[in-house]
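The structure appears below as structure tokens.
The values are calculated or read from the model by the stated rules, or taken from the named source; none is laboratory data. Just so we're clear, the structure is a prediction, and the values are computed from it rather than from any experiment. Please note: Cβ atoms are built from the backbone with ideal geometry, for glycine as well, and neighbour counts cover all protein chains shown.
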Amino acid sequence: MVDCYVIVTTRNLLWMILSVVSTLAVITGIMRPYWLFGSPTLFLNSSSNANSELFYRPSIGIYNRCRKIQRSIGGNPELNCYTFVQDFMDIPSAAWRACLFFLCFGTFLLGIAVFMSLVGFCFQSIGKKSIFSVGGVIQSVAALFLVIGLVLYPAGWSNKDVDDLCTIKPLQKPGAFVINDCSLGWAFYVALGGTLASFLCSVLSAQAEKSTSSDLVQDEISDGKTFILLV
């Protein structure tokens, strides 16, 4: 039976936490409809008591958007956000379909790395390979897929949905990497932040490996300890 040594160090704990955070950041970015914001739009809020003007910014993601203000059951206006595609092929451009594929596959790889970062507290190797180095390589590959996905998003700005959101005459119509009156939304930056954090994770994995195979850890193992905490 293989002995299980639970080894917790500052660096492998930091690697695990950052791996989880970067993965959740990318997932949040993919799911939210705030990749592009249009120009402020006026909404006239008229009720029996008062008339008021409300400005809001319509937005769009990869497969969802927030398009207009509607009244809730209580009578208060709220932004209507919804998925505007029925299936994968309904996504309005080939570039965005490829974008979603690369982002989802990269996120899948990040999920594998998160699992490895959790298992790495107990098992430090897979066969003869360090679980930290394997996880770091997976995170590097995942980050490359995410970068490709993020680049493909502006490459697909020539589609009709972006045209409707961002065209204000007599400005040039939006095209690849041209958005006119729109601006990048926070969901894009969250996904970008998760991607950059994934690159950092791949570097930090090497430090996590060193910390779990240090002389201090070996001394603790020699003393017969199975739970080793070095922070």
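Brief remarks on what is shown
- Matching entry among V147, V190 (being part of a helix (DSSP H, G or I) and either closer than 30 Å to V231 by Cβ or among the hydroxyl-bearing types (S, T, Y) (or both)): V190
- Condition check for S198: among the polar types (S, T, N, Q) and not in a loop (DSSP other than H, G, I, E, B): yes
- Count of residues meeting criterion [of a type in the set (S, T, Y) and not in a helix (DSSP H, G or I)] in the stretch 201-231: 3
- Residues (more than 10 Å from S202 (Cα to Cα), among the polar types (S, T, N, Q) and surrounded by fewer than 17 Cβ atoms within 10 Å (Cβ to Cβ)) located in the stretch 111-139: S125
- Residue that is surrounded by the most Cβ atoms within 10 Å (Cβ to Cβ), among those in the stretch 178-200 that are in contact with a Pro (Cβ under 8 Å, 6 or more places away or on another chain) and at pLDDT below 95: C182
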